[in-house]
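Student: Submitted below is the structure of interest, expressed as structure tokens.
The values are calculated or read from the model by the stated rules, or taken from the named source; none is laboratory data. Since this is a predicted model, take the numbers as computed values, not measurements. We place every Cβ from the backbone using ideal geometry, glycine too, and count neighbours over all the protein chains shown. What goes into the accessible areas is simple: the full protein's heavy atoms, side chains included, and nothing from ligands, DNA or RNA. Shrake-Rupley method; radii C 1.70, N 1.55, O 1.52, S 1.80 Å.
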Amino acid sequence: MSRRVALSVVAGVALLGGAGAFALAQAGEQPPALAHSTARYTAPGGDRDGSLVFVTDVTASSGVKSVKVLAWPQHSSLAEKSPTARDMAAAEPAVCKPSGQDTVRCTYTAEVTGADDESSPRGAWHVAVLATAQDGTTTLDTEAAGFTVR
């Protein structure tokens, strides 16, 4: 093999190796991804309480550190300015359990009393979610799911 061909091969291998390392570094820095988010609101009735149940799958290559959930009415001050990561700091945590290699299924359940239901604005509501990965990257989806209070 000529010296020129050998240098070209070495340069090509170095370039491909560098591109592969860059791709791996970028893959490691991807923020958490949300999928299959659903919300179900059940109004209280008779002598039983109702509930709000939100479920989502979160995938993060470094692992999921936390998932916070905030339900908010469409016709509120949050509608003018969607919830921020700072707003979500005080939100309630979801309970997450492994459901795949880098994926967890997170569930948030809130009891809804008759008094809660009576004082809640009627109409469309949204569920905001802040997912934080072990590496510190975050994903905020201010309308991950929706439900209606009637």
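Student: Name every residue in region 45-94 that is in contact with a helix residue (DSSP H, G or I) (Cβ under 8 Å, 6 or more places away or on another chain) and small (Gly, Ala, Ser), in order of residue number.
Tutor: 50, 61, 62
Student: Give me a count of the residues in region 101-129 that are in a loop (DSSP other than H, G, I, E, B), over 14 Å from residue 60 (Cα atoms) and either of a type outside the set (Gly, Ala, Ser) or free of Cβ contacts under 8 Å to residues at least 12 places away in the same chain (or both).
Tutor: 3
Student: Kindly provide the set of residues from region 71-115 that are touching a Pro at 6+ places or on another chain (Cβ under 8 Å) and under 17 Å from residue 148 (Cβ atoms), ordered by number.
Tutor: 72, 73, 75, 76, 79, 112
Student: Looking at 132, 142, can you tell me which residue is surrounded by 16 or more Cβ atoms within 10 Å (Cβ to Cβ), touching a Phe, Trp or Tyr at 6+ places or on another chain (Cβ under 9 Å) and either assigned to a helix (DSSP H, G or I) or of a type outside the set (Phe, Trp, Tyr) (or both)?
Tutor: Answer to the check: 142.
Student: Pick from region 43-76 the residues that are over 19 Å from residue 92 (Cα atoms) and part of a strand (DSSP E or B): which of them is most open to solvent (accessible area, probe 1.4 Å)?
Tutor: Step by step, filter region 43-76, then rank; the result is 48.
Student: Before we move on, is residue 83 crowded, with 17+ Cβ neighbours inside 10 Å and more than 22 Å from residue 29 (Cβ to Cβ)?
Tutor: yes
Student: For region 58-80, does any single residue satisfy the condition of being within 30 Å of residue 122 (Cβ to Cβ), hydrophobic (A, V, I, L, M, F, W, C), modelled with pLDDT of 95 or more and touching a Cys at 6+ places or on another chain (Cβ under 6 Å)?
Tutor: Scanning region 58-80 turns up at least one residue that is within 30 Å of residue 122 (Cβ to Cβ), hydrophobic (A, V, I, L, M, F, W, C), modelled with pLDDT of 95 or more and touching a Cys at 6+ places or on another chain (Cβ under 6 Å).
Student: When the residues of region 89-106 are filtered to those that are out of contact with any Lys or Arg (no Cβ under 8 Å at 6 or more places or on another chain) and β-branched (Val, Ile, Thr), which remaining residue is surrounded by the fewest Cβ atoms within 10 Å (Cβ to Cβ)?
Tutor: Among them, the one singled out is 95.
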